[in-house]
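The values are calculated or read from the model by the stated rules, or taken from the named source; none is laboratory data. No experiment lies behind these values; they were computed from the predicted model shown. Positions of Cβ are generated from backbone atoms using ideal geometry, with glycine treated the same way; all protein chains shown enter the neighbour counts.
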Amino acid sequence: MRKTLTALLIAATLPTLAMAATANDTTPPPPPGAPMMDGGPMMGGHGPRDHGGMKELNLTQEQRQKLGKLMGESMKNRHDINEKYLSKLSAADRKAMQDELKANHDKTQKDIRELLTPEQQKKFDELQKDRQARQAEWSEFQQWKAQKEGKGN
């Protein structure tokens, strides 16, 4: 029973970790509205204002803002819950999990690329390069912010 519960908890955290797997687990997600490869605007998924198919409800601007805030809070709460249980894992288990998530992500990117035409592959590669540049910039900003906060105390 205990092994089943542990496996269930790990399986439940995988999707969130796949989205948040970085070198620094406390790094917040990139700014909203950025193109994403996981069904976001770039892949023809939901746009930044279409929260999970809510577009058909014809929400007002105020309702969309409140919905966005609720969804952001929900994502943060999910992240906090995942961190609570992940913190109980050993460093080796966390590293193994991150490595497995990265390998899975890399395989998915490779599989996506193989589905594309040569023209699409070229654009896909450009988008990947842009995404990596944005991630590096975001990471650099987070480091600067941490240094600034450290000096302010």
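Checking the conditions here, which among LYS69, LYS148, LYS102 is farther than 30 Å from MET54 by Cβ and loosely packed, with under 12 Cβ neighbours inside 10 Å? Give the steps one after another, and end with the answer.
Values: LYS69 fails: farther than 30 Å from MET54 by Cβ; LYS102 fails: loosely packed, with under 12 Cβ neighbours inside 10 Å.
Exactly one of LYS69, LYS148, LYS102 is farther than 30 Å from MET54 by Cβ and loosely packed, with under 12 Cβ neighbours inside 10 Å, namely LYS148.
Sort out which residues of the range 72-116 are farther than 26 Å from GLN132 by Cβ and among the aliphatic types (A, V, I, L, M), and write them in order of number.
Just the residues of the range 72-116 that are farther than 26 Å from GLN132 by Cβ, to begin with: 73-74, 77, 80-81, 84-85, 87-93.
Within the range 72-116, ILE81, LEU89, ALA91, ALA92 qualify.
Of the set (1) modelled with pLDDT of 60 or more; (2) under 16 Å from GLN135 (Cβ atoms); (3) assigned to a loop (DSSP other than H, G, I, E, B), all apply to PRO30 but (1). Based on this model, can you work out whether ASP99 counts as assigned to a helix (DSSP H, G or I), modelled with pLDDT of 90 or more, out of contact with any helix residue (DSSP H, G or I) (no Cβ under 9 Å at 6 or more places or on another chain) and within 26 Å of TRP144 (Cβ to Cβ)? It is false that ASP99 is assigned to a helix (DSSP H, G or I), modelled with pLDDT of 90 or more, out of contact with any helix residue (DSSP H, G or I) (no Cβ under 9 Å at 6 or more places or on another chain) and within 26 Å of TRP144 (Cβ to Cβ). Among the residues of the range 105-122, just one is surrounded by fewer than 11 Cβ atoms within 10 Å (Cβ to Cβ) and within 16 Å of the chain's Cα centre (by Cα), namely ASP106. Do we find that GLU137 is in a helix (DSSP H, G or I), modelled with pLDDT under 95 and farther than 29 Å from MET54 by Cα in this structure? Considered against the rule, which asks whether it is in a helix (DSSP H, G or I), modelled with pLDDT under 95 and farther than 29 Å from MET54 by Cα, GLU137 comes out as no.
Every residue, every condition in (1) among the polar types (S, T, N, Q); (2) assigned to a helix (DSSP H, G or I); (3) under 28 Å from LYS55 (Cβ atoms), yes or no:
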| position | (1), (2), (3) |
| --- | --- |
| ALA92 | no, yes, no |
| LYS95 | no, yes, no |
| ARG113 | no, yes, no |
| GLN121 | yes, yes, no |
| PHE124 | no, yes, yes |
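Can you find, within the range 123-134, the residue that is nearest to the chain's Cα centre (by Cα) among those that are surrounded by 11 or more Cβ atoms within 10 Å (Cβ to Cβ) and closer than 16 Å to ASP106 by Cα?
Step one: list which residues in the range 123-134 are surrounded by 11 or more Cβ atoms within 10 Å (Cβ to Cβ), which gives 123-125, 127-128, 130-131, 134.
From what's left, closer than 16 Å to ASP106 by Cα: 124-125, 127-128, 131.
Numbers: PHE124: 19, ASP125: 19, LEU127: 17, GLN128: 15, ARG131: 12 Å.
Checking each candidate, the answer is ARG131.
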